[in-house]
Amino acid sequence: MISLAAAATFTWLGMVVAISFMEAPLKFRAPGVTIPLGLGIGRLVFRALNAAETVLAVVVVAGLLLGDPSTTGVAALAVAIVTLVAQFALVRPRLTRRSDRILAGEEAPRSHAHHAYVALEVVKVVALVTGGAAVLAAS
């Protein structure tokens, strides 16, 4: 089951890197993509990403519970999961309120919540790399 946890961890890592650090910033550079259009697309993409992350986090936990993981792997993956929960509970609601205002046609000031989300994504990526490598080494 440790190999299942490792596979889910690296799948999760790949999705976060591809979407958060490639798709999200690039979509706003595409011709004809306005801020409201990009925000609308982003909301759909991140809602799907977060659903997939939740499923993968459950698979990781199940794999860890059914295997014999290293302490480093468990700690790092716990950081990734706590980071995901923090994004859901603390940052996403603020980002959603701001994007709601913009999609309604209001002018909204720049949000520091976006920077917090990116910083948490970096923490999550480091935790997933560390945890995945530790879990893989233990398999």
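See the values below:
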{"read-out": "Residue check for Val45: more than 30 Å from Ser139 (Cβ to Cβ), β-branched (Val, Ile, Thr) and free of Cβ contacts under 8 Å to residues at least 40 places away in the same chain", "value": "yes"}
{"read-out": "Any hit, the range 38-51, residues being over 23 Å from Val123 (Cβ atoms) and among the polar types (S, T, N, Q)", "value": "no"}
{"read-out": "Listing of helices (runs of 4 or more DSSP H) fully contained in the range 1-105 that carry 2 or more residues being over 20 Å from Ala133 (Cβ atoms) and at pLDDT below 95", "value": "24-27, 35-66, 92-103"}
{"read-out": "Restricting the range 18-42 to residues that are of a type in the set (D, E, K, R) and out of contact with any helix residue (DSSP H, G or I) (no Cβ under 6 Å at 6 or more places or on another chain), the residue that is surrounded by the most Cβ atoms within 10 Å (Cβ to Cβ)", "value": "Glu23"}
{"read-out": "Test result for Ala134, part of a helix (DSSP H, G or I) and surrounded by fewer than 14 Cβ atoms within 10 Å (Cβ to Cβ)", "value": "no"}
{"read-out": "Test: residue in the range 24-31 that is among the aromatic types (Phe, Trp, Tyr) and over 13 Å from the mean Cα position of the chain (by Cα)", "value": "yes"}
{"read-out": "Cross-chain or 6+ apart pairs with Cβ under 6 Å, the range 85-99 first and free of Cβ contacts under 8 Å to residues at least 40 places away in the same chain and surrounded by 13 or more Cβ atoms within 10 Å (Cβ to Cβ), then of a type in the set (Val, Ile, Thr) and part of a helix (DSSP H, G or I)", "value": "none"}
{"read-out": "Subset tally (residues that are assigned to a helix (DSSP H, G or I) and surrounded by fewer than 16 Cβ atoms within 10 Å (Cβ to Cβ)) for the range 106-122", "value": "6"}
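The values are calculated or read from the model by the stated rules, or taken from the named source; none is laboratory data. Because the structure is predicted, anything quoted here is derived from the model rather than measured. Positions of Cβ are generated from backbone atoms using ideal geometry, with glycine treated the same way; all protein chains shown enter the neighbour counts.
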